[in-house]
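Here's the structure we're looking at; comments come further down.
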Amino acid sequence: MPWVPCDPSLPPVNTRRPQITSATAPPAALQSHELGSTDETIAVLRRTFDELGDPFRIHVPSRGASTWVASHPDDVKHVLVTNHRNYTKGVGIDRVRLLLGNGIMTSEGEFWRRQRRMMQPAFHRRVVERFAAIVREENESLGAGWSDAARGTGDVNVTLSVSRLALRVILRALFDDDLAQLVPDLDRNPFAAILQDARRDTRFAYQFRQLARDVRALVAVRRGRQQERFDLLQLLLEARDADTGEVMSDAEVVDEVMTLVVAGHETTASTLNWTWLLLATHPDVAMRVADEQRAVGDLGHASYADLIRLPYTRQVVDESMRLYPPGWLLTRRSIGPDTLGGHAVLPGTDVFISPYLVHRHPRHWRLPETFDPGHFDPPQVEARHAFAYIPFAAGPRHCIGQNFSLYEILLHFNFAVRRFRLTDPQPVQPPLEARINLRTVSDVHMRIQQR
Ligand code: HEM
């Protein structure tokens, strides 16, 4: 049954679906589509959701099978949390594995569990805030460029600036002073291929794996010397399995490092980019953010707990990730039989959850298509289904870098909004590029003024 948008004058609903179990599969789209591999996928998902409601099925020719797409928060909770053991990451991750080897993003089962347990402490809030100086210095460096732009052409490529910022922050957090050895000239940074090559094809994957060789050489150097370092690489090298006391092999460390570069860079950059774009097109919201930032002042080397002093900016960032979740498609495959939305799921079924659709579900969002940070006013959050908002996914495989990215993002706005005003974005409504992450197809330029 198609969904009817909810009345915006009513409070958001916390709809639970009546449980009717049926042997039949969910309704199927009339046209087949290579789900997940093309930029049209978002349009196809939206259209099919409007026609069929949720869950629905789409026939995927290359797999010769139907993929289910589930968007009801009850189903999200079921697949990602309650019955997560019945699902592997499935088909979407095969392409990513080319890039990331057997790192934590792509591995499964007992090996994944062990890696996750070993890596989790490196992303604790108390650890993340130890990267404050790096975040600050990289914002200063971005700020110097933006000041020049404000005095000069008055134009800045926001997409490129925030992409550089996010890449440098994660690289420095990973390698500390060894970054200079790994990358002697940051203007010819080999990792910059990540910035430039948007095609994510196999050639890119090949180049990327070459970089892994350099990281491997650095790992060997680190193993051979005693040091008092603090960076993510060192935390990975020293992490021990709580049961066996084992450390990771060099190859495992390399795969995890490459995973963190990719997972930690583009997602954060994309959120910064979309948020600046939304601020530039919503001056009333931008003004409120600027007021909050001025009132709070310079958070500088803030602790994680200090971020609570930026509640409105946080709502804006949350709303930006609602409309444009960088991780827009979570792919899963069932291992054994299951029941979803009342339908029987056979083993081996691809089940996709798109945060993009979930975040625009008309039963759960007052104004699904409108940028309104009020969606995250505390009473609205409380009234809403907890699984209607999943920018970092949910359950055991939720984003390990959530604290890291929120810390970086909020400190960036604390730094930049008090110094700069960005307006007149070009293009105003950039088309979406929905590949591994949800990005703007082209870079967004804005008019920049110093405050
Ligand atoms: C705004 C920024 C970010 C967003 C929106 C985001 C989103 C996500 C999502 C949706 C997933 C789940 C993917 C799936 O289940 O298929 C994920 C997983 C992951 N993210 Fe992030 N992420 C962000 C930043 C980061 C950062 C900064 C790091 C590391 C420094 C990171 C590292 C990871 C890793 C390693 C995983 C895999 C975890 C596992 O499978 O155990 N992410 N992220």
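The values are calculated or read from the model by the stated rules, or taken from the named source; none is laboratory data. All of these numbers come straight from a predicted model, not from anything done at the bench. Using ideal geometry, Cβ is built from the backbone for each residue, glycine included, and neighbour counts are taken over all protein chains shown. Accessible surface is based on the protein model in full, side chains and every heavy atom, while ligands, DNA and RNA are left aside. Shrake-Rupley method; radii C 1.70, N 1.55, O 1.52, S 1.80 Å.
Computed over neighbours whose Cβ is under 12 Å from that of residue 68, the net charge equals -1, Lys and Arg +1, Asp and Glu -1. Based on C-alpha pairs under 8 angstrom that are at least 6 apart in sequence, the chain has a relative contact order of 28 percent. Residues whose amide H lies under 5 Å from that of residue 66, counting only those 5 or more places away or on a different chain, are 60; hydrogens are built 1.01 Å from N in the peptide plane.
Exposure check, 1.4 Å probe, all protein chains in place: residue 370 carries approximately 60 Å² of accessible surface.
Mean Kyte-Doolittle of at least 0.0 plus a Cα span of 24 Å or more along the axis: flag which DSSP H helices in the chain meet both, please.
Details: long enough: 132-151 (28 Å, -0.41); 158-175 (25 Å, 1.48); 202-223 (31 Å, -0.30); 250-281 (47 Å, 0.55).
Correct list, ordered by number: 158-175, 250-281.
Between residue 221 and residue 203, full extension at 0.36 nm per residue minus the direct alpha carbon distance yields a gain of 3.6 nm.
Pairs of Cα atoms nearer than 8 Å and 6+ residues apart set the relative contact order; for region 214-280 it is 29 percent. Rolling a 1.4 Å probe across the protein heavy atoms gives the chain an accessible surface of 43 Å² per residue.
Relative to the Cα centre, the charge distribution of the chain, modelled as +1 at Lys and Arg Cβ and -1 at Asp and Glu Cβ, gives a dipole magnitude of about 400 debye. Extending 7 Å from Cα along the Cβ direction at residue 46 and again at residue 117 yields two label points whose distance is 4.4 nm. In the complete set of protein chains, residue-level accessible area for residue 59 is approximately 80 Å², probe 1.4 angstrom. Any idea which of 80, 281, 296 is furthest toward the positive side of the dipole for the chain, if Lys and Arg beta-carbons carry +1 and Asp and Glu beta-carbons -1? So the residue furthest toward the plus end is 80. Measuring nothing but protein heavy atoms, the accessible surface of region 41-450 at 1.4 Å probe radius is 52 percent carbon and sulfur. Placing a pseudo-label 7 Å from each Cα along the Cα-to-Cβ vector at residue 241 and residue 398 gives an inter-label distance of 2.7 nm.
In this Cβ point-charge picture (+1 for Lys and Arg, -1 for Asp and Glu), region 238-384 has a dipole of about 820 debye about its Cα centre. Peptide packing: for 71-82, 240-251, 210-221, 338-349, the average count of neighbouring Cβ atoms within 10 Å per residue gives the ranking 71-82, 338-349, 210-221, 240-251, highest mean first.
Amide H to amide H, which residues 5 or more places from residue 155 or on other chains are under 5 Å from it, using H placed in the peptide plane? Residues meeting the criterion, in which the H sits 1.01 Å from N, are 448. Taking +1 at the Cβ of each Lys and Arg and -1 at the Cβ of each Asp and Glu, which of 269, 247, 305 sits farthest along the dipole of the chain towards its positive end, judged by Cα position relative to the Cα centre? Positive-end residue among those listed: 247.
Computed with a 1.4 Å probe over protein heavy atoms only, the accessible area of residue 66 comes to about 40 Å².
Scalar couplings 3J(HN,Hα) for region 325-336, obtained by applying the Karplus form with A = 6.51, B = -1.76, C = 1.60 to θ = phi - 60°, are x, x, x, 8, 9, 9, 9, 9, 9, 6, 8, x Hz; x denotes Gly and Pro. Charged neighbours of residue 159, selected by a Cβ distance under 13 Å, balance to -2 (K, R count +1; D, E count -1). Were the residues from residue 229 through residue 284 laid out at 0.36 nm apart, the gain over their Cα-Cα distance would be 15.3 nm.
Here's the picture: charge each Lys and Arg Cβ at +1 and each Asp and Glu Cβ at -1 in region 41-450, and of 336, 438, 184 the one pushed furthest to the positive end of that dipole is 336.
Using the Cβ of residue 312 as centre and a radius below 11 Å, the other residues enclosed give a net charge of -2, where K and R count +1 and D and E count -1.
Computed from point charges on the beta carbon alone (+1 for Lys and Arg, -1 for Asp and Glu), the dipole magnitude for region 54-143 about its Cα centre is near 380 Debye.
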